[in-house]
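The values are calculated or read from the model by the stated rules, or taken from the named source; none is laboratory data. Computed from a predicted structure; not experimentally measured. Reconstructed Cβ throughout: ideal geometry from the backbone, glycine too, with neighbour counts over all protein chains shown.
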Amino acid sequence: MRQGEMAAVIDLNEDVHTLLPLTEHRPIGTLPFAGRYRLIDFPLSAITAADIHSVGLFMPESERSVQDHIRSGAAWNLDLIQGGVFLFPYVATRDYQNDDLRARYYENYTQFLRGSGSKYTVVMGAKNVANVNLNAILNYHKAGDNRITTVYKKLPLSRIRPTDWTLALSEQGTASAIVQAKERHDDQGKTEIPSFMDIYLLATTDLIDLLEDAAQSREFRRLPELLRDYVLANNANAFEYTGYLARIDSIQRYYDSNLQMLDDANFQSLLLSSVPILTKSKNEVPSFFAKDATVVNSLLGTGTYIEGTVQDSVVFRNVVIHHDALVDHAVVMQGSKISTGSTVKYAILDKGVVIGPNLTIVGKPDKPIVLRKNQTVFRESEVEGSANA
Amino acid sequence: MRQGEMAAVIDLNEDVHTLLPLTEHRPIGTLPFAGRYRLIDFPLSAITAADIHSVGLFMPESERSVQDHIRSGAAWNLDLIQGGVFLFPYVATRDYQNDDLRARYYENYTQFLRGSGSKYTVVMGAKNVANVNLNAILNYHKAGDNRITTVYKKLPLSRIRPTDWTLALSEQGTASAIVQAKERHDDQGKTEIPSFMDIYLLATTDLIDLLEDAAQSREFRRLPELLRDYVLANNANAFEYTGYLARIDSIQRYYDSNLQMLDDANFQSLLLSSVPILTKSKNEVPSFFAKDATVVNSLLGTGTYIEGTVQDSVVFRNVVIHHDALVDHAVVMQGSKISTGSTVKYAILDKGVVIGPNLTIVGKPDKPIVLRKNQTVFRESEVEGSANA
Amino acid sequence: MSTEMLGMILAGGQGTRLGKLTKNTAKPSVPFGGRYRIIDFTLSNLSNSGVNTVGVITQYQPLELNRHVQNGASWGLNERGAGVTILQPYASSEGEKFFEGTAHAIYQNMAYIDSYNPQYVLILSGDHIYKMDYERMLAFHKAKKATLTVAVMPVSLEEATRFGIMNTDDTDRIIAFEEKPEKPKSDLASMGIYIFDWAPLKKYLMDSYATDGKMEDFGKDVIPAYLAHNEPTFAYAFHGYWKDVGTIQSLWEANMEFLSPNNPLNITNRNWRIYSQNEALPPMFFTKSAKVQRSMVTDGSYVAGTVEHSILSQNVKVGEGSTITDSMIMPNAVIGKNVVIDHAIIGEDAVVGDNGEVIGKPDDIAVIGYGEVVGRKEKA
Amino acid sequence: MSTEMLGMILAGGQGTRLGKLTKNTAKPSVPFGGRYRIIDFTLSNLSNSGVNTVGVITQYQPLELNRHVQNGASWGLNERGAGVTILQPYASSEGEKFFEGTAHAIYQNMAYIDSYNPQYVLILSGDHIYKMDYERMLAFHKAKKATLTVAVMPVSLEEATRFGIMNTDDTDRIIAFEEKPEKPKSDLASMGIYIFDWAPLKKYLMDSYATDGKMEDFGKDVIPAYLAHNEPTFAYAFHGYWKDVGTIQSLWEANMEFLSPNNPLNITNRNWRIYSQNEALPPMFFTKSAKVQRSMVTDGSYVAGTVEHSILSQNVKVGEGSTITDSMIMPNAVIGKNVVIDHAIIGEDAVVGDNGEVIGKPDDIAVIGYGEVVGRKEKA
C-alpha cells in the first residue's frame, strides 16, 4: 500500500449536553442523520475520498456506539493491511489530573502521527455536516503562506448564534483568530459571517511539535484548544467551503437540518456531490407501501412499512406506520412504530419509540418534542411538552 | 447465518499485578506466547473451532492492546454478518460504586446474551493456556445432572500454589465448590489436585437469571465471583481436560511455560491438536540464518535475523541477534535486538528491547531477569537483578 | 481440510428464455424483488442451512455474477478454509474445458470438490426463488441411508408434463423416473436439488468419462443410471413457495407474487433472512407529487410520479407525471416525465425518455433491455 | 466508476518449461523465496504504486491461483469499486472464448476494462521477480505524450538475441523493434510491461477482430502495428533486479540470489513491501540436532537436520540426520531422516522418505513434483 500524503484525526469528544436526551448513550458522531447516515459518516467519507489511509479516532465516553458503527472500517475502505482506523480509548477529562494519563493523551497522538508516515494531518470533528474535498484543502494549504489552514463557510447572520465559533478574517483572506460570534467586532453592515467548521490542516511535524510542547505543561488542554491558540499565534490560511453545512449542536439545529434535507438543492449538495457518502450497510428488505399509503416530500430509509401518511418528514429504516396514522414534520429514527390513528407532528422520535393508537403528539416548529430511545407511549400525558398533552 | 448453539464470554479483567512489568500496558490476554501467539488466541481459537458466532469481550484497562490484536475478528472468522465480536468498554471497579454504571455492567451482559439467541453460554478467561474442545464440554454438560459445568485439569502437587483455584470434587466426580488450594482439606496421600481452568458452561437463561439477581444487590460483584457462588449453591459437572495447561499468573510461570513449549509433547498438545490455534498474521519476510548462525532447541518467529547463537529459547518475530551473541534459556519478544558479543541468559526481553554490544545479562532459572518494553541497555549496571550486574 | 457437505450451484446457463435480460449477464444475477438478485435465495439458503463451502459453476457472461458474489461475505460465506469459490472453464495439460451439461460441469470440477474431501455434495440451481433448509434434507438423506436424494414438489397433473416426475414407494424410495412424461404417473416433480454421497457419484462420473462419456446431465443420465444400478435413491418432499424464474412471464409473476402481503416467502422473517450485497445508497426521496401504493421501493430511489403495484429497485428515478403499474423496474433505471409503464420489466440502467410508453399485457409482458434507451430523452 | 490506470496481469500461461511444477497449477502461483508465490511481486508492485484496480487473466489450472489471490485483501487490493478480479474464459451469446494470445486476452476482456473507464491500461506478466514503481512509468508516459510506453532493460548483447529488442532515438522514442534478433542493434530488451492509452488500443483491437483478427500478441502484432502507424511509442528504462523465472534453472537461480544478503531486491525494505497471503502457522521449531546456516526458514517449519544455503517454505519438516544444500523446498514438503538433498527443488506437499537422495547439479537442478513421494517412507 502506498502511504498516504495525509493522516486524519477525528476527535469525537464533542460536547453533548445541548443535545440531550438524544446523546444520552451516544456521542454527536453517531447521531442518525437524513434517514440513512450517522454524523461520523461525513468526515470518514471525506477521508476515504481523499485516499487517506491512517485515521485516529479519539473516542468519546459512549465508545460502544462508535465501535458498533465503525467495526473494522470496511464500509469506508479503512480495513487496510497497513494503516486503517486506530481507536484511542476514552479517558474522562477529570482523570487527566493524573500525570501519567495526561502524558499518554499527548503520546497517543504523537505515536499515531509518527506511525502514519504522512506529511500532513487534517484534524476534524463530527458535528459539522458537510461534503468537503480534503485534497482541495490540501492544495490550498500548500499554496498558502501560513503553517496551518482552517476551513469556514459564510453563513447569513440569521443562522449564527452568539456561541458559534467563527473566523476573524483579514483583508487578505487569512484567519487571524478563531473567536465566538459574540466576541466579534467590526461586523457592522455585514450580512454574512465566516463560520468555522472545526477543520484544521497542517504539517504533521508541526502538529507533533505542538503536542510535545503541550505535554511539558502541567495544565491539561485538548487538541482543539491547542490548535485554536496555534492559529492565534501564527495566523492561518482560510479555505472557503461553499456547499451545504449543518452544525449539529442543539436539538433545534438537529431537527432543522434533517428537514433541510427535503430541499432538493441541499440533498444534492450533501449526498450526491463529489464525495460519495459511505455508511455501514445493513441487510434490509425493500420498503413496502400499502394500499392507502401516502408519502410526500419525505426521505425514507429501507425496510419501512407504510400504511398511513408521511409528509415533510425524515424516516429511518425499519419504521412501521399504521393505517390512518400521520407523520408530519417529524424525524423518526430506526425501528420506531406509530400505531393506527395517531398523529406525530413537529417531533423527533429516537430509535425504537412505540406510539400507541389514536394519540396526538404535536410539538412546535421551533420546539419539537423529543421522545427518548425505546420510549413507549400509550397516553398523551406521558409526553412532556406536547401541545396536546 | 445459522445461529450458534453456544455464545461465549471472555472476561479480560484478570489481575495483572503479579506479572508486572510485562502487564504495564497490556492485560494478561495479550501477553505474547510461544514465539507467535497472544494468550487470547487460545480461547478465541476454541470458540472458532466450536462454530460459536457471538463473543462478548469484556475489556480490561489496556483496551487499546486488545483492539489492536482483535481488529475485526477476521483472524478467527468472527467478522460476521450477524453476531461477531462485541467489545464492552472497561470501567474501573471503583466506578461501580455508581448505581448507573453498576446496572450497566449487568445489562451489558444480559443484552449481549439475549441478542446472541444461543441456548448455552461458555464463560472463559485468557490466563489458562490450553487447547480445549468446547463442543465436547457442551456434550458433557448436556449429559450431566447439574445446571453448570466446570473444567479442570489434574496437576501434580508440585505445580500447585496455595492461591490457585481448584475444584472440590465429590466421589461421583461433580464439583461441590471452587476453593483455593490452601483451603483444601482431605488431600492427604493425593499426588494430584484438580486445578480449575476458569471455564464455566451453563444455559444462557440461567446465566441471565443470575445476572439479574445480582443487579438487584447494591454490592458490586464481577461475573466470575457470581459463578463461583453459583457452583457452591448448585454443585457443578466437572469436565476433565487432559491436554497441556499453563496458568499464566506470575512472571515465573510465564517464563517456565514458554520454555515448556520446547518439549515436543507440549508443543504438539497445545499447537497441533484438534483445535488449530489462529492468530493475527502479519506480513513478514522469512527468517534468515547467517553463515555462523546456531539455533538449537528453540522456537523462532518469522522475520528474525540470526548471526549468533540461540539455544533453549523462545524468540518472537523480527528479532535480530548479532555475531557472537548468545541467547540461552530466554524469552525474547518481537523486535528486540541483541548486539555483537552479548550474552542473554535466564531472561525475558519484552518487545523492542535493545541490548548493546559485549554485555552479559544473566538471571537465574528460578528468577529470570525481566527487561521492559523498548528498554535500551548499554551498561550491565542498568539491569536490575542481573547476576553480573 | 474437510467439509461434511459441499454445495455446488449450477449457475452457468445462458437463460435464453429471458431474452434481452440475459444478453450480457448470467441468469442468476438478474435482479429480483427490488434489492435482490436471483442467486441470493440459493446463497442465503446455504448460509442459513449452515453449508458454508460453496462452488458456483459459471461460464456464461460471468462478470456481473462475479462482482455480485465477490468473496461471499454478504451471505456470511467467507470463512477461512471455506466460503464461496467461482468456478469457470479453464485449460489444463489435457486441453481446454467448457462445461457440456450439469453432470459434466461437476466432473470438470472434481479437483475443487476433492480439495474439501466432502462426504456429501449438494447440487443446486442458481435460478429458483424459494426458502429451504438443506440441513433437514441432509438429515432425511442420512436417515434413509440414501446415496442420492432428490427434492421433489407436488405439482398439478397438467404441470407435471413439463417436469421430471418421480414415482416413489411408500418409503419414499424412487422406483421410476420420467422426464416430461405425457401421462404422468405421479405428481412429484424434481426441483433439480440433489444430495449425493460424493464417493459413488465420483465413481459413476469417472467410469463414464473413461469410457463413453455419456454422463452429461443429472436428469437425463445420472438419475436413470442410479435407478438402473439399484442405488438407494429417495425423494424428499418440499412444501412451500418455489418458483423457477426461467421465462419473462414467470419472472414477472414471481415479482408480482413477491409484492403480495401474504407472500408465503415471508421475506421479513429474521430467522431465515435473504441476504444480498449491501451498497451504501442515499435514502429514498419522495417529492411533493409522489404517489406510491401496493408497491416496494428500494434505497437510492427518487420518486416524483405515481407507482402502483410495482417494484422499484435501487437507484431508480421516476419523473413527475409518470405512472408505473404492475411492473418491475431494475436498478439504476431512469424513467422520465409523463411516462406510462404498464405490465413491464425495465432492465438495469435502461432509460425511458419523457412521454415514453412501455405497455404490455398480463400474458405478454413488455421488456426493455439492460441499458436500452427508449422514448425521447431530454438533455441534462 | 472511473480509474485512471487499470492493471491487467497476464497470468494464463501454462509455463511448460517449469515441467512438473506446473502440471496442476499456473506458473504465477508457483512458490518463491520461502513465503511468496511468483505473482506476489507483481501484485505488491501494483499496490505499492497505487494502482488499485487489477484484472488477473488466467485460464490454465487457475484453482490454486484463485485461492491465493482471493479478494486481493492480502495486497490491500480490495477496495470497494476497485480491487482484484480474476478473469477466466467464458461463454457469451457469440460463443465460447478461450484466450489465444496476450493481445487477444485483452480483447476478450474489453467489457471488464470498459466498466472502469480507464484512461491508461498497464499490461503486466505474472511471472517476473522484480520491484518497480509503475507510477513513475506512468509519469514518463504522460510527459512523453506517448500512446504506448514499453519498459526496457539493458541486457548483454549475447542475451539480447533471446528478447524483443528496441531501437530508440535520443528522445527515448522507439524507432524499431526486433523480436529475438540475430544481430541486435541495441541492448534494450522489452520486459513485457506496457502502458497503453486505452482508447487507441481498443480501436486497434476492435478493427483487427472486425477484419483479419491478426492482433493476437503484443510483441509480434501490436507493437509492430503501432510503429507502422507512427503512434508515439516510447521506451522507459528500468534499472534494477529483474528475473523471468520461466525455467527450472532460472527459478532455482532466482531463489539462490534471493538468499544472498546483498540481494538488490532488498526484501526487508518496509517502504516497498512484498505482500503475500498470511496464514496463522505455528512458530519454527529447531531441535537439539538442528543446524541452519546461510538459509531462510519460514513459519510452521520443523528442523532436526542440517540446512545449508537453502530456502525452506512454510510447514516444511526436515528429519534428523538429513542434509539440505543449495536447494529450495516448497510448502508442506516432508523430508525424512538421513536424506540428502543437493541442488534441488522439492515441490509442494512432496515427500522424500528416510534415506532418500535427491541430488542435482548447478546446471541440472533435480526436481520433485507437487505431491510426489520418493524414497522409502517409514510408517508413522
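For region A:45-70, the candidate set comprises residues that are over 18 Å from A:LEU138 (Cα atoms) and among the small types (Gly, Ala, Ser); within that set, the residue that is nearest to the other protein chains (Cβ to nearest Cβ) is A:SER62. For region A:1-34, filtered to residues that are in a helix (DSSP H, G or I) and among the hydroxyl-bearing types (Ser, Thr, Tyr), the residue that is modelled with the highest pLDDT is A:THR30. Only strands (runs of 3 or more DSSP E) whose full extent lies in region B:270-350 are considered here, and the ones with at least 1 residues that are over 22 Å from B:THR376 (Cα atoms) and not aromatic (Phe, Trp, Tyr) are B:287-289, B:294-296, B:298-300, B:309-311. Reported count of residues in region B:227-264, each being of a type in the set (A, V, I, L, M), under 23 Å from B:ILE137 (Cα atoms) and outside any loop (DSSP other than H, G, I, E, B), is 7. Listed by first and then second residue, the pairs linking a residue in region C:333-346 that is within 17 Å of C:TRP252 (Cβ to Cβ) and touching a residue at least 12 places away in the same chain (Cβ under 8 Å) to a residue that is of a type in the set (Gly, Ala, Ser) and surrounded by fewer than 20 Cβ atoms within 10 Å (Cβ to Cβ), with Cβ atoms under 6 Å apart and 6 or more places separating them unless they lie on different chains, are C:HIS343/C:GLY360; C:ALA344/C:GLY360; C:ALA344/C:ALA366. Residues that are more than 15 Å from A:VAL285 (Cβ to Cβ), in a strand (DSSP E or B) and among the polar types (S, T, N, Q) within region C:259-301 comprise just one, C:GLN293. The criterion of being away from every other protein chain (no Cβ under 14 Å), buried (at least 18 other Cβ atoms within 10 Å of the Cβ) and either over 24 Å from B:PRO27 (Cβ atoms) or not aromatic (Phe, Trp, Tyr) (or both) does not hold for B:ALA233. Taking every residue in region D:42-54 that is farther than 11 Å from D:ALA82 by Cβ and pairing it with any residue that is polar (S, T, N, Q) and not in a loop (DSSP other than H, G, I, E, B), at least 6 positions away or on another chain, yields no pair with a Cβ-Cβ distance below 7 Å. Scanning region C:105-157 for residues that are more than 14 Å from chain D (Cβ to nearest Cβ) and either of a type in the set (S, T, N, Q) or part of a helix (DSSP H, G or I) (or both) yields a total of 19. Residue count for region A:71-102 under the criterion of being in a helix (DSSP H, G or I), touching a Ser or Thr at 6+ places or on another chain (Cβ under 9 Å) and within 11 Å of chain B (Cβ to nearest Cβ): the result is 1. Inside region D:23-45, residues that are within 10 Å of another protein chain (Cβ to nearest Cβ), over 14 Å from D:THR58 (Cα atoms) and polar (S, T, N, Q) make up a count of 1. Filtering region C:4-38 to residues that are over 22 Å from C:TYR107 (Cβ atoms), part of a strand (DSSP E or B) and not aromatic (Phe, Trp, Tyr) leaves C:PRO31, C:ARG37.
Would you call A:PHE316 modelled with pLDDT of 95 or more, buried (at least 18 other Cβ atoms within 10 Å of the Cβ), in contact with a strand residue (DSSP E or B) (Cβ under 7 Å, 6 or more places away or on another chain) and over 29 Å from A:VAL66 (Cβ atoms)? First the steps, then the outcome.
On the way: modelled with pLDDT of 95 or more: yes; buried (at least 18 other Cβ atoms within 10 Å of the Cβ): yes; in contact with a strand residue (DSSP E or B) (Cβ under 7 Å, 6 or more places away or on another chain): yes; over 29 Å from A:VAL66 (Cβ atoms): no.
No, not satisfied.
When the residues of region D:243-258 are filtered to those that are assigned to a helix (DSSP H, G or I) and in contact with a helix residue (DSSP H, G or I) (Cβ under 8 Å, 6 or more places away or on another chain), which remaining residue is nearest to D:SER310 (Cα to Cα)? That would be D:LEU251. Return the residue satisfying two criteria in turn: it lies in region D:265-302 and is closer than 27 Å to D:GLU64 by Cα and of a type in the set (Val, Ile, Thr), and of such residues it is farthest from the other protein chains (Cβ to nearest Cβ). The selected residue is D:ILE274.
Results for (1) more than 7 Å from chain C (Cβ to nearest Cβ); (2) out of contact with any helix residue (DSSP H, G or I) (no Cβ under 7 Å at 6 or more places or on another chain), shown as yes or no for each residue.
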{"residue": "A:SER257", "(1), (2)": "yes, yes"}
{"residue": "A:LEU262", "(1), (2)": "yes, yes"}
{"residue": "A:ASN266", "(1), (2)": "yes, no"}
{"residue": "A:SER269", "(1), (2)": "yes, yes"}
{"residue": "A:SER273", "(1), (2)": "yes, yes"}
{"residue": "A:LEU278", "(1), (2)": "no, no"}
{"residue": "A:GLU284", "(1), (2)": "yes, yes"}
{"residue": "A:PHE288", "(1), (2)": "no, yes"}
{"residue": "A:LEU300", "(1), (2)": "no, yes"}
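Mind checking which residues of region B:186-205 are surrounded by 15 or more Cβ atoms within 10 Å (Cβ to Cβ) and either touching a Leu at 6+ places or on another chain (Cβ under 9 Å) or not in a strand (DSSP E or B) (or both)? If you could, list the steps in order and put the result at the bottom.
So in region B:186-205, the residues surrounded by 15 or more Cβ atoms within 10 Å (Cβ to Cβ) come out as B:193-204.
Hits for region B:186-205 are B:ILE193, B:PRO194, B:SER195, B:PHE196, B:MET197, B:ILE199, B:TYR200, B:LEU201, B:LEU202, B:THR204.
The residues of region D:133-172 that are surrounded by fewer than 16 Cβ atoms within 10 Å (Cβ to Cβ) and within 21 Å of D:TYR204 (Cα to Cα), listed by number, are D:LYS142, D:LYS145.
Provide a single number: the residues in region C:302-339 that are on the phi < 0 side of the Ramachandran plot and either assigned to a strand (DSSP E or B) or not small (Gly, Ala, Ser) (or both).
Step one: filter region C:302-339 for residues on the phi < 0 side of the Ramachandran plot, giving C:302-308, C:310-314, C:316-320, C:322-325, C:327-331, C:333-337, C:339.
Of the ones still in play, those that are also either assigned to a strand (DSSP E or B) or not small (Gly, Ala, Ser) (or both) are C:302-303, C:306-308, C:311-312, C:314, C:316-318, C:320, C:323-325, C:328-331, C:334-335, C:337, C:339.
Summing the residues that are on the phi < 0 side of the Ramachandran plot and either assigned to a strand (DSSP E or B) or not small (Gly, Ala, Ser) (or both) in region C:302-339 gives 23.
You will find that of C:SER208, C:SER186, C:SER190, the residue that is in a strand (DSSP E or B) and modelled with pLDDT under 95 is C:SER190 and no other.
Which residue, of A:ALA175, A:ALA181, A:ALA126, A:ALA215, is crowded, with 22+ Cβ neighbours inside 10 Å, in contact (Cβ under 8 Å) with a residue 12 or more places away in the chain, more than 17 Å from A:ALA233 (Cα to Cα) and among the small types (Gly, Ala, Ser)?
On the way: A:ALA175 fails: more than 17 Å from A:ALA233 (Cα to Cα); A:ALA181 fails: crowded, with 22+ Cβ neighbours inside 10 Å; A:ALA215 fails: crowded, with 22+ Cβ neighbours inside 10 Å.
Answer to the selection: A:ALA126.
The residues of region D:186-219 that are surrounded by fewer than 16 Cβ atoms within 10 Å (Cβ to Cβ), more than 21 Å from D:LYS142 (Cβ to Cβ) and either acidic (Asp, Glu) or in contact with a helix residue (DSSP H, G or I) (Cβ under 9 Å, 6 or more places away or on another chain) (or both), listed by number, are D:MET206, D:ASP207, D:ASP212, D:GLY213, D:LYS214. Every test in (1) closer than 29 Å to B:LYS142 by Cβ; (2) at the interface with another protein chain (Cβ under 9 Å from one of its Cβ atoms) is passed by B:THR110 save one, and that test is (2). Of the set (1) in contact with a strand residue (DSSP E or B) (Cβ under 6 Å, 6 or more places away or on another chain); (2) surrounded by 21 or more Cβ atoms within 10 Å (Cβ to Cβ); (3) at the interface with chain D (Cβ under 9 Å from one of its Cβ atoms), all apply to C:GLY55 but (3). The lone criterion from (1) within 24 Å of D:ILE248 (Cβ to Cβ); (2) within 14 Å of chain B (Cβ to nearest Cβ); (3) of a type outside the set (Val, Ile, Thr) left unmet by D:ALA73 is number (1). Among the residues of region C:341-365, those identified as more than 18 Å from C:VAL297 (Cβ to Cβ), hydrophobic (A, V, I, L, M, F, W, C) and crowded, with 19+ Cβ neighbours inside 10 Å are C:VAL351, C:VAL358, C:ILE365. Residues that are under 22 Å from C:PHE98 (Cβ atoms) and without any contact (Cβ under 8 Å) to a residue 24 or more places away in the chain do occur in region C:214-221, at least one of them.
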